[in-house]
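Only the coordinates and a few stated rules stand behind these numbers; no lab work does. All values derive from a computational prediction rather than experimental measurement. Please note: Cβ atoms are built from the backbone with ideal geometry, for glycine as well, and neighbour counts cover all protein chains shown.
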Amino acid sequence: MLDMLVVGGGYVGLSVALAVKQAAPHLSVEVVEAAPQDAWKKDPRASAIIAAAIRMLEVFGIWERIEPEAQPITKMIVTDSKTADPVRPVFLTFDGAVEDGRPFAYMIPNVAMVGALRDACAKAGVTIRHGLRATGLENSPAAASVTLSDGTVLSARLVVACDGVRSKLRDMAGIKTVTWDYGQSGIVTTVEHERPHEGCAEEHFLPAGPFAILPLKGNRSSLVWTERTDEANRLVSADDLVFEEELERRFGHKLGPMRAVGDRRAFPLGLTLARAFVAPRLALAGDAAHGIHPISGQGLNLGFKDVAALAQTVVDADRIGLDIGDLNVLERYQEWRRFDTFRMGVTTDVLNRLFSNDLSPIRALRDFGLGLVDRLPGLKSYFIHEAAGTGGGAERPRLLAGQPL
């Protein structure tokens, strides 16, 4: 019987397995992932990783490997306008470091992150099984048993579900969700441009939804473009000329001519919040626990916060001789993470509804609010520290403060 079985081999699943195994090498930890062994090498996407999560990667000992591929986000500007407006007035800017000269976030290619996490897991002694899905879940007083798609049954004192927003393990455990669809999709791709971005990220609030362009290494940027679902599907399937014309209509020419160089994908957007994060012998983490709108860029980073809190809960319980899968132990993790997740889910929902429309009175109100924040340094500093995960308030897990477990 295993001590911990993680179902899902993305950022969150690999990170929680690594965090627990590094801090408690005597625990047996395995990861099961649905994708084939080398599928991660073909992922063209990049993700914005906040400063607090970078501290966790430093504790893991993998940041030095990732850093050469990472692009610091040194500045962010926010605009609000109509698609056809010739000028996009800037209402809010963020710049500067948050702690120890560190930028508030980095853009990191998924390939660099996942490759480093997988190698560190192998070095720590975490076994990874590829190309397998969870098809069954049964509980007993001492363990949970997961049936895999090849018929294998694995038992563990604790099962961690990191199997995405449509989590099968969550459903099999009977955990209900609060869910609704925004009628929007997020277009994700990579673009090349003539002029350097100088580490500046931009978010333009347009009537159909936020349009974000995030800096990558070189004269390249990652695009996260929200549109109504039917329009997003049209743009993804359009030829390059049409796509780039629509891109220029929304972003303009400040970086010179732009060319889409990556695969274009559209992902449906909605809100999914699990009503519980734990069940007997089971903990949810990452998208299995929460799926939010990308308007704040916090979705993946919420998952890293789950990792830090769950790993600390498990390791601390093991050190004092408690059963790491006991529901009383797991309740601490749930209490730690559920309110923050609910707060972020509500915040992104309100922001999306507030900014994804073209009503003049609402536009005037939100532009006044953005301008007010921009003119109040203390309030602006609070927001940027919260976004970077370095703010005060609730207890921060040790990993997010750069402290080992």
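In the structure shown, the pairs 41/305; 42/305; 42/254; 41/217 are assessed against 23 Å; a Cα-Cα span above that value is assigned to 41/305; 42/305; 42/254. Sorted on the mean count of surrounding Cβ atoms within 10 Å across their residues, most packed first, peptides 124-136, 47-59, 208-220 read 47-59, 208-220, 124-136.
Which length gain, in nm to one decimal place, applies between residue 42 and residue 331 when the Cα-Cα distance is subtracted from 0.36 nm times their residue separation?
100.3 nm
The reciprocal of the average 1/r between distinct C-alpha atoms defines the Kirkwood hydrodynamic radius, which for the range 156-314 equals 17.4 Å.
Based on the Stokes-Einstein relation at 10 °C and a viscosity of 1.306 mPa s, and on the Kirkwood radius from alpha carbon pairs, the chain is assigned a translational diffusion coefficient of 72 µm²/s. The angle separating the long axis of helix 51-60 from the principal Cα axis of greatest extent in the chain is about 40 degrees. Phi angles of the range 2-12 translate, via the Karplus equation with coefficients 6.51, -1.76, 1.60 and θ = phi - 60°, into HN-Hα couplings of 7, 7, 9, 10, 9, 9, x, x, x, 3, 5 Hz per residue; Gly and Pro are given as x.
Relative to the longest principal axis of the Cα atoms of the chain, the long axis of helix 327-355 lies at roughly 10 degrees.
When the scattering of the range 32-171 is computed by the Debye formula from its Cα atoms alone, each counted once and equally, what is log10 I(q)/I(0) at q = 0.17 Å⁻¹? Results for the range 32-171 at q = 0.17 Å⁻¹ read -1.05.
Karplus-derived 3J(HN,Hα) values for the range 268-279, using 6.51 cos²θ - 1.76 cosθ + 1.60 with θ = phi - 60°, are x, 10, x, 10, 9, 10, 5, 6, 9, 9, 9, 8 Hz; glycine and proline are entered as x.
With both residues required to sit in the chain, DSSP beta bridges show an antiparallel share near 75%.
Listed by Cβ neighbour count within 10 Å, with the fewest neighbours leading, 290, 197 appear as 197, 290. Report, by chain and number, residues whose modeled amide H sits under 5 Å from the one on residue 164, excluding near sequence neighbours (fewer than 5 apart, same chain). Long-range HN contacts for residue 164: 287, 288.
Arranged from fewest to most other beta-carbon atoms within 10 Å of their beta carbon, 296, 222, 356 become 296, 356, 222. Specify the angular offset, from 0 to 90 degrees and rounded to the nearest 10, of the alpha carbon long axis of helix 377-388 from the longest principal axis of the alpha carbons in the chain. Tilt of helix 377-388: around 50 degrees. Its convex hull of Cα atoms gives the range 204-267 a direction-averaged projected area, equal to a quarter of the hull surface, of 4.3 nm².
Mind ranking 258-265, 151-158 by how tightly packed they are, going by the mean number of other C-beta atoms within 10 angstrom, highest first?
Details: 258-265: 15.2, 151-158: 17.2.
Highest mean packing first, the order is 151-158, 258-265.
Computed over every Cα-Cα pair of the range 27-79 and binned at 5 Å starting from 0, the pair-distance distribution P(r) comes out as 4, 12, 16, 20, 22, 15, 6, 4, 1, 1 percent. For residue 104, the residues whose amide H sits under 5 Å from its own are 98, ignoring neighbours fewer than 5 places away on the same chain, with H placed 1.01 Å from N.
Per-residue Cβ neighbour counts within 10 Å put 336, 180 in the sequence 180, 336, beginning with the fewest. Working note: Karplus 6.51/-1.76/1.60 with θ = phi - 60° gives the range 150-158 the couplings 9, x, 5, 10, 10, 10, 8, 5, 9 Hz, where Gly and Pro are set to x.
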